[in-house]
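The block underneath contains the structure these notes are about, expressed in structure tokens.
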Amino acid sequence: MNSYNGYEPKQRVAAYAWLKKEWAAGRRQKTPKRCDVCFQEKGHLEYHSENYSFPFGDHIGEFGLCYICHMMIHCRFKSKESWNIYIKALEDKKQFIPFTGRSWYGFRIECLIGKFINLKYKIVEKNNVGILKKIDSGAYVAAPKDS
């Protein structure tokens, strides 16, 4: 695991361990019902954190995301062109077919290299692309604190 938003791997691993305990205790739902950004309800859905600060709480696993939205967040700095294309697609109310699992190879080919050209989509009434814009602006990041 790499550093992210100024949080070292040790902090991120601790946050994930805390989240797994929350799931095991039944205090948190293990899998999101839909993506908070594109509203996708099918395919692989998982949680994402922008803020890994102590004490752990609702900010850990704050966002339920489809695989595409999640990976685009993590690839936005190295693949700015693909990020911008994805944001524009969401603004145009496109919802891409979901990935059914964590396929880095498929995601890389379709989204980063192929720039979404061959990825099928449907038009939806609404989404919440604003979350991605706020994430990109750093709005959800707290100052990292050591444990």
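Read the figures in this text as sums done on the coordinates, not as results from a lab. Keep in mind it's a predicted model, so treat the numbers as computed, not measured. Reconstructed Cβ throughout: ideal geometry from the backbone, glycine too, with neighbour counts over all protein chains shown.
Going through 8, 46 one at a time, which residue ends up being surrounded by 14 or more Cβ atoms within 10 Å (Cβ to Cβ), at negative phi and under 14 Å from the mean Cα position of the chain (by Cα)?
Residue meeting the stated conditions: 46.
So which residues in the stretch 11-28 are out of contact with any helix residue (DSSP H, G or I) (no Cβ under 8 Å at 6 or more places or on another chain), part of a loop (DSSP other than H, G, I, E, B) and either closer than 18 Å to residue 102 by Cβ or not aliphatic (A, V, I, L, M) (or both), if there are any at all?
Across the stretch 11-28, the qualifying residues are 26, 27.
So residue 58 ticks every box in (1) closer than 20 Å to residue 142 by Cβ; (2) touching a residue at least 12 places away in the same chain (Cβ under 8 Å); (3) surrounded by fewer than 19 Cβ atoms within 10 Å (Cβ to Cβ); (4) of a type in the set (D, E, K, R) but one. Which box is left unticked?
Just one mismatch for residue 58, condition (2).
Restricting attention to the stretch 61-88, report how many residues are out of contact with any helix residue (DSSP H, G or I) (no Cβ under 9 Å at 6 or more places or on another chain), buried (at least 21 other Cβ atoms within 10 Å of the Cβ) and in a strand (DSSP E or B).
1
Based on this model, can you work out whether residue 31 counts as part of a loop (DSSP other than H, G, I, E, B) and touching a Lys or Arg at 6+ places or on another chain (Cβ under 9 Å)?
The answer is no for residue 31.
Any residue in the stretch 16-40 that is of a type in the set (Val, Ile, Thr) sitting within a Cβ distance under 7 Å of a residue that is in a loop (DSSP other than H, G, I, E, B) and surrounded by 13 or more Cβ atoms within 10 Å (Cβ to Cβ)? List the pairs, counting only those 6 or more apart or interchain.
Within 7 Å, the pairs are 37/127; 37/128.
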